[in-house]
Amino acid sequence: MAAITNEASLLNVRGTVAMSLNGTNPDSAERAWFINLTNNTSFDTGTTNGGPYTVFGQILGDGMVVVDKIADVPIYSWNTNFSFSSIPLQDLVASQRTILVRNLIAVKSVATLPFYAISSDPNAFSIKVNGTNLTITFLAYTKKSVTITAYASDTNGNTVKSSFFVQPNPQGSQTISFPSIADQTVNEAIFSPFTITNASPEASSDLPVKVTVSGPAKLSGDKIRLTGTGTVTLTAGQVGNAKYNPAPNQSINFVVGSK
């Protein structure tokens, strides 16, 4: 098990539960812990006995009554390869103590609290919790960072949370293709509309394209009504969305002459 970086902030007062250290290194806590029977102020500063020691829990209710009774039990020590070299035991004969010690099971890990998580934008990044695994799935591009917050609660109703940002992938790029339109010759007395359906601009993203017109023409849907002679400019654009950046505008020109 990897050592835990020291996060001491709470006081080692009577009834609190704190992480033990390997020697005096404050960043060496692993799986061992202890209960403070008194106010151990020297454990808070790290000036003596190593430390500081990180408090992560507290004995509630009448629990210290039980702890004090355990503390009053005589301590027996032995030279073995077991995880514990000493332990409080009732007055048992040597053979009974030997049998009990041989049946001790070392603590392998601290129980993991159940947790749940929330995505600030579930349409962009969805989340799924399976046991101790948090799976984040990318769904759609977004122009803002998404926050994932995980919450864990213990049986005493205490809740902690941890948040981190998920940086969206950059929006995709898109281009516009706009086929040319042949020059037009019209009778100045009759300016008939014609369509640009066969020459409609298209975005590589398949998103809808907006066309604007300048010059002697008016645009309504995909129909152009010529209003005079001269140069007509059509400009196509696509503003983008959560998945795509705006496309560079694409313009074409054609000349309207008179018969």
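The values are calculated or read from the model by the stated rules, or taken from the named source; none is laboratory data. Given the structure is predicted, the values throughout are model-derived calculations rather than measurements. All Cβ positions, even for glycine, are placed from backbone atoms using ideal geometry, and neighbour counts span all protein chains on display.
Between a residue in region 139-165 that is in a loop (DSSP other than H, G, I, E, B) and any residue that is of a type in the set (D, E, K, R) and at pLDDT 85 or above, which pairs come within a Cβ distance under 7 Å, given they are 6 or more apart or on different chains?
Listed by first residue and then by second, the contacts come to 142/121.
Out of all the residues in region 207-218, is one or more modelled with pLDDT under 80 and surrounded by 13 or more Cβ atoms within 10 Å (Cβ to Cβ)?
Filtering region 207-218 for residues modelled with pLDDT under 80 gives none.
Scanning region 207-218, I find no residue that is modelled with pLDDT under 80 and surrounded by 13 or more Cβ atoms within 10 Å (Cβ to Cβ), so the answer is no.
Can you name the condition, by its number, that residue 63 falls short on among (1) farther than 26 Å from residue 159 by Cα; (2) surrounded by fewer than 15 Cβ atoms within 10 Å (Cβ to Cβ)?
The number of the failed condition is (1).
Residue by residue through region 214-233, note down the ones that are among the hydrophobic types (A, V, I, L, M, F, W, C) and in contact (Cβ under 8 Å) with a residue 24 or more places away in the chain. Break it down stepwise before answering.
Within region 214-233, the first condition is being among the hydrophobic types (A, V, I, L, M, F, W, C), and the residues that meet it are 217, 219, 224, 226, 232.
Result: 217, 224, 226, 232.
Each row is one residue, and each column tells you yes or no for (1) in contact with a strand residue (DSSP E or B) (Cβ under 9 Å, 6 or more places away or on another chain); (2) surrounded by fewer than 19 Cβ atoms within 10 Å (Cβ to Cβ).
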| site | (1), (2) |
| --- | --- |
| 5 | yes, yes |
| 9 | yes, yes |
| 12 | yes, no |
| 21 | yes, no |
| 27 | yes, yes |
| 39 | no, yes |
| 54 | yes, no |
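Out of 50, 61, which single residue is part of a loop (DSSP other than H, G, I, E, B), modelled with pLDDT of 80 or more and closer than 26 Å to residue 7 by Cα?
Only one candidate passes the filter, namely 61.
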